[in-house]
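Data block below; observations after.
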Amino acid sequence: MTQEYEEGLIVRALGGFYEVKTPSGSYSCKARGLFRKTGQSPLVGDRVRIQLIHGDEGYVEEIFERKNSLVRPAVANLDFLVMVVSILSPPPNLLVLDKMIALAEHQKIEPVVVITKIDLCSEAAEYEELAELYRRAGLKVHIVSSKTGEGIKTLAGALSGKLSSFCGNTGAGKSSLLNAMDPSLELQTGEISEKLGRGKHTTRHAELYALAGGGYIADTPGFSAVELSRYALIYKQQLQDCFREFAPYLSCCRYAGCSHTCEQGCAVLAAAAAGEIAESRLMSYRTMYKDARQLKEWEQR
């Protein structure tokens, strides 16, 4: 009997079953036992090769090489990690935002900052200052209002054809933003849609949802500083590479192994003193560096 194989994308994982979308349709698949032996598990976002059994069922036979992966949400091959931050109600927490950006940089995922709720501001200067802070750091920044629609089309176009995950603290406006980008999502404001696996009576699972304009959005948990420290350890020697605006200065410090926190002759500190690096970004780096120094040996293992 001839065995049939197809290649596709894992768009949902729940209870040991993986929904794989292929050119010919969607299949409900289990993973072969060989993955348990290698300690590898399929993730939502994986490109895979499946063996078809009968009807719409099959087995995941091979996981193609990943470009990145996250533990929470359990998703692979992200193009963008979209940081949703409200300008008001609640006000932005720059340390949490900088930690999310560092996580993206560490995992080789392009970070995108989206400033929401600009309709609550009476003056553009209130949100332009925040936007300019992160543009100067070398990041792409979108300024949007889910209420008025300002900036929504541009953001949707930037994410078209890509695999993205939205993150941000509770109340930042992720649900409203996704609704504005694609009304067919029908997310309830203030809570995560059951379609994305976060309803009150649904089992926690990972899922990709296709956007009308092309591309996919991964499920959208609210990240917190605690979760980031649990699921994405960044060692102190790696942290400098998670702040892209530091890059031009890293080879110019007087001492090898400079921590960029207090040393004489530090080019990064000199750049910050000259206004080339934002003070808030340097403060976030110092806080994160201090936390990284306190990592226990068992945590690093």
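The values are calculated or read from the model by the stated rules, or taken from the named source; none is laboratory data. Keep in mind that this is a model prediction, so the values were computed, not measured. Neighbour counts run over all protein chains shown; Cβ positions are idealised from the backbone, glycine included. What goes into the accessible areas is simple: the full protein's heavy atoms, side chains included, and nothing from ligands, DNA or RNA. Shrake-Rupley method; radii C 1.70, N 1.55, O 1.52, S 1.80 Å.
Quickly rank 134-141, 108-115 as a protection proxy: mean count of other C-beta atoms within 10 Å, highest first.
Working: 134-141: 17.0, 108-115: 20.8.
Sorting 134-141, 108-115 by mean packing, highest first, produces 108-115, 134-141.
Using a simple spin-label model with points 7 Å from Cα along the Cα→Cβ vector, what separation in nm is obtained for R49 and A256?
Calculated label separation equals 4.5 nm.
Could you state how much accessible area H106 has, in square angstrom rounded to the nearest 10, with a 1.4 Å probe and all protein chains kept in place?
Its heavy atoms expose roughly 50 Å² to the probe.
Ordering M181, M83 by how much accessible area each has at a 1.4 Å probe, largest first, what is the list?
Largest accessible area first, the residues go M181, M83.
What FRET efficiency, computed as 1/(1 + (r/R0)^6) with R0 = 45 Å and r the Cβ-Cβ distance, is obtained for L120 and R32, rounded to the nearest 0.05? It would help to have the intermediate numbers written out before the result.
Numbers: r = 52 Å, r/R0 = 1.15.
Efficiency, rounded to the nearest 0.05: 0.30.
Run the reach check for K162 against lysines, Cα to Cα strictly under 16 Å, same-chain hits fewer than 8 apart removed. What comes back?
Answer for K162, where 16 Å is the Cα cut-off: K21, K67, K108, K140, K153, listed by chain and number.
For the chain, what mean projected area does the convex hull of the alpha carbons give, in nm²?
Mean shadow area of the hull around the Cα atoms is 18.3 nm².
On the protein heavy atoms, probe 1.4 angstrom, tell me the percent of accessible surface of the stretch 89-192 carried by carbon and sulfur. Don't skip to the answer; put the middle values down first.
On the way: 2250 of 4600 Å².
Answer for the stretch 89-192: carbon and sulfur cover 49 percent of the accessible area.
Before rounding to the nearest 500, sum -39500 (n - 2.57) across all DSSP H runs of length at least 4 in the chain and divide by the residue total; then give [θ] at 222 nm in deg cm²/dmol.
-7500 deg cm²/dmol
Give, in nm to one decimal, the length gained when the segment between Y235 and R135 is fully stretched (0.36 nm per residue of separation minus the Cα-Cα distance).
So the chain would gain 33.4 nm between Y235 and R135.
Just to be sure I understand: with springs between alpha-carbon atoms less than 10 Å apart, which residue in A125, A247, A271 has the highest mean-square fluctuation in the Gaussian network model of the chain?
A125
What are the radius of gyration and Dmax of the stretch 236-301, computed over its Cα atoms and given in Å?
Both quantities, over Cα of the stretch 236-301: 12.1, 40 Å.
Quick one: if you stick a label point 7 Å off each Cα along the C-beta vector at R244 and S280, how many nm between them?
1.8 nm
Using unit Cβ charges (K, R positive; D, E negative) and no other charged atoms, how large, in debye to the nearest 20, is the dipole of the chain about its Cα centre?
Once rounded to the nearest 20, the dipole reads 820 debye.
Arrange the residues T116, T170, T261 by how much accessible surface each exposes, largest first, with a 1.4 angstrom probe. Can you show the working numbers first?
Numbers: T116 5, T170 120, T261 30 Å².
From most accessible down to least: T170, T261, T116.
Would you please give the FRET efficiency between S41 and E4, computed as 1/(1 + (r/R0)^6) with r the Cβ-Cβ distance and R0 = 22 Å, to the nearest 0.05?
Values: r = 24 Å, r/R0 = 1.09.
According to the calculation, E is roughly 0.35.
Set the Förster distance to 45 Å, then compute FRET efficiency between L14 and A270 from the Cβ-Cβ distance, nearest 0.05. Before the final figure, lay out each step's value.
Working: r = 52 Å, r/R0 = 1.16.
It comes to 0.30.
Round to the nearest 10 and report in Å² the accessible area of C252, as given by a 1.4 Å probe over the protein chains' heavy atoms.
80 Å²
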